[in-house]
Amino acid sequence: MLRAEHLSKTYVTTDWSGFLKRKKSKVEAVRDVSLEMRGGQIIGLLGINGAGKTTTIKMLSTLLQPTSGSIDVDGLDGVRDAIEIKKRINMIAGGERMIYWRLTARENLWYYGQLYGIDNKQLAQRIERLLGMVGLAEKQDIPVERFSKGMKQRLQIARGLINDPGYIFMDEPTLGLDAAIAKELRGYVKDLACKEGKSILLTTHYIQEVEELCEYVYVMDKGTVIAQGTPKELALLGMENKVLCVELHENHERLHRSLTEACQSAERNCSIIWDGKNMAYTITSSKDLSSTVAKVLLEQQAVFKKFYGQEPGLEDAIIKLSRRDKDGFFYEGTEGRDEKTA
Amino acid sequence: MGSFMKVLKAEMRKQHKNYFFNKSIYITLFIWPLLTFISAYYCYKPFRLDKIVGGLDYVNESNLVVFVLIGYLSLVFFRCFVQSAWRFSMERTFGTLELIYLTPANRLAFIMGNAVSSLFESIWLFVVFASGIFVLNASAYNIDMLSAMLGIILLIVLSILWGMLLNALFLFSRDSSFLFTVLEEPMEIFAGIKVPAAVFPIWAKAISAVFPLTYIAEMLRRIFIKGDGLVQIKGFVLISILIGFAILSITILCLKLGERHAKKTGSMALF
């Protein structure tokens, strides 16, 4: 198990205010972050740009030393036993960097395998298996520069598995890929956790990816974890009101009055919006009004196409959470952040 | 030691595949040094070398080609690293350096692999050419074979150490183009390859003393032209060994400081 407790990272930046004058300032990139990764689990690390996700991943992967806090990987200390930990972790990033384009897929994997000191016979078998797993076995001797974006990304996944790591950090692995290839890669990621028991920490801006893959999610903002839970639990946080939708087959004059009266008597501040073009009602309320609405529909014998409650969305929750400060205020915009409302 | 050699070999093979992927590179690797050798020869030719105070009395019209060639051959050994180190610094830009630092690989083996690969890739063609010229003139010289072997070993070892230092410097430097300018041309001028170092004023002699190439070139010239033995070159050998240790220490320090800085600030640019 990988456990990070109270991780903080403060960068000291130097600004030259004159030819010889320099001013040092501190930037707190990550503050008091605690998280856990267990075998076979895919964990999501979400947040808007600059939230501190990459700094957190770099600390977990031993590339950055935390200013305070501790990292424990299978009983090893993140700072003291960094070399041993490096053998048990790996990172997979999105984009086309981090591989050698003039080398073939096989040569890339061989090179990284050698850096991990893997025995040659074992390495050859592993390369064979990984290339087969990511569907590059037939293209293994072609220089990477001739690969498509999707093939390069599949090679990245194989590279990230070359040392058979227990813990994998994935930083936007489907960045810039088309829907079909992204879906295929999500399949690989799922298999890594489910079939091979790898523990994966995934950062992504694609919410669908999180909803499909992640068992547990940490939401970061301004360097700290502002919420955590399963994707469903988090989505509920973003949904403050219940939303009901009713789509009718035809216009129903009497229904509008009865629906308004019934809903407003149940919840005074509810809002009912009629979309004449689509012949649909959207009812927003702090209470669940589904039984009230169903009763009115039956009483008025209204013929409806659809009657459903809107599902809470994780995306809305993250945007909402990211705009709230520690006192519970919401920011009006993501930039500037000087105006806030209760 | 096993894992050190593994990383060393892997890095050599990677660099070979990555930068020497095109056969035409070998043509430029020969033509370019040849042209600069000709330019160095004609730079030396106008000097009355026998009149220069400072020990070039063994050079004359008949051995000038070999004299310049030995100096130039030594330069090729050292200079190939400036370019390869500059290319090596791209590892930081392409993000591969971060992945390498994510592995437990020995950092010294990694930069040594690049240096050794660059050395043998870049110089072998010119070495063949230079050896050919030398063999044609060999009968004119009386060479102490032990000194010659020691001289060549020191040339290879010191140039690899120099390459490792440059790799470490370029790897963690914010402005590698600046280092490129500072290290390439001045080495050629001040190490006595194009112009005899003995004619320099004191300040320029001080600069030439910084480059290990200065000592190696002079030592090899004395061995191969003047016929100096171990006793005569012992001063050069001692200085070369001391410089070698100093270079290795600075390289290790630079690697350690660079990694520590990267862990602290998240930036691979140390200076």
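The values are calculated or read from the model by the stated rules, or taken from the named source; none is laboratory data. Note that the coordinates shown come from a computational prediction; the quantities given were computed from them, not determined experimentally. We place every Cβ from the backbone using ideal geometry, glycine too, and count neighbours over all the protein chains shown. Note: accessible area is taken over every heavy atom of the protein model, side chains too, but ligands, DNA and RNA are not part of it. Shrake-Rupley method; radii C 1.70, N 1.55, O 1.52, S 1.80 Å.
Looking at the stretch A:123-136 only, could you name the residues that are open to solvent by 10 Å² or more (accessible area, probe 1.4 Å) and either within 13 Å of chain B (Cβ to nearest Cβ) or closer than 23 Å to A:Gly176 by Cα (or both)? So that I can check it myself, show each step before the final result.
The initial filter retains those residues of the stretch A:123-136 that are open to solvent by 10 Å² or more (accessible area, probe 1.4 Å), namely A:124-126, A:128-129, A:132-133, A:135.
Within the stretch A:123-136, A:Met133, A:Gly135 meet the criteria.
I'd like to know if the stretch B:161-173 contains one or more residues that are in contact (Cβ under 8 Å) with a residue 40 or more places away in the chain, open to solvent by 20 Å² or more (accessible area, probe 1.4 Å) and not in a helix (DSSP H, G or I).
The answer is no; no qualifying residue exists.
Which residue pairs have Cβ atoms closer than 9 Å, lie 6 or more positions apart in sequence or on different chains, and pair a first residue in the stretch B:247-271 that is more than 14 Å from chain A (Cβ to nearest Cβ) with a second residue that is among the β-branched types (Val, Ile, Thr)?
So the pair list comes out as B:Thr251/B:Ile111; B:Leu255/B:Ile111.
Which one of these is surrounded by 15 or more Cβ atoms within 10 Å (Cβ to Cβ), touching a strand residue (DSSP E or B) at 6+ places or on another chain (Cβ under 6 Å) and more than 12 Å from chain B (Cβ to nearest Cβ): A:Lys139, A:Lys198? Walk me through how you get there before you give the answer.
Values: A:Lys139 fails: touching a strand residue (DSSP E or B) at 6+ places or on another chain (Cβ under 6 Å).
Answer to the selection: A:Lys198.
Being touching a strand residue (DSSP E or B) at 6+ places or on another chain (Cβ under 7 Å) and away from every other protein chain (no Cβ under 13 Å), is that true of even one residue in the stretch A:59-69?
Keep residues of the stretch A:59-69 that are touching a strand residue (DSSP E or B) at 6+ places or on another chain (Cβ under 7 Å), which gives A:59-61, A:64, A:66-69.
Now restrict to residues that are away from every other protein chain (no Cβ under 13 Å): A:68-69.
Yes.
State all residues of the stretch A:1-51 that are in a loop (DSSP other than H, G, I, E, B) and surrounded by 23 or more Cβ atoms within 10 Å (Cβ to Cβ); if no residue qualifies, say none.
A:Gly47, A:Ala51
Which of the residues spanning the stretch A:85-113 are at the interface with chain B (Cβ under 8 Å from one of its Cβ atoms), in a helix (DSSP H, G or I), farther than 19 Å from A:Phe169 by Cα and open to solvent by less than 10 Å² (accessible area, probe 1.4 Å)?
The one that is at the interface with chain B (Cβ under 8 Å from one of its Cβ atoms), in a helix (DSSP H, G or I), farther than 19 Å from A:Phe169 by Cα and open to solvent by less than 10 Å² (accessible area, probe 1.4 Å): A:Tyr111.
Could you please find all residues in the stretch A:148-177 being of a type in the set (Val, Ile, Thr) and more than 27 Å from A:Leu76 (Cβ to Cβ)? Walk me through how you get there before you give the answer.
Here is the first cut: in the stretch A:148-177, the ones of a type in the set (Val, Ile, Thr) are A:157, A:162, A:168, A:174.
If the condition is that a residue be of a type in the set (Val, Ile, Thr) and more than 27 Å from A:Leu76 (Cβ to Cβ), then A:Thr174 is the only one that fits.
Given (1) within 25 Å of A:Thr174 (Cα to Cα); (2) assigned to a strand (DSSP E or B); (3) in contact (Cβ under 8 Å) with a residue 60 or more places away in the chain, where does A:Gly69 come up short, assuming only one miss?
For A:Gly69, the failing item is (1).
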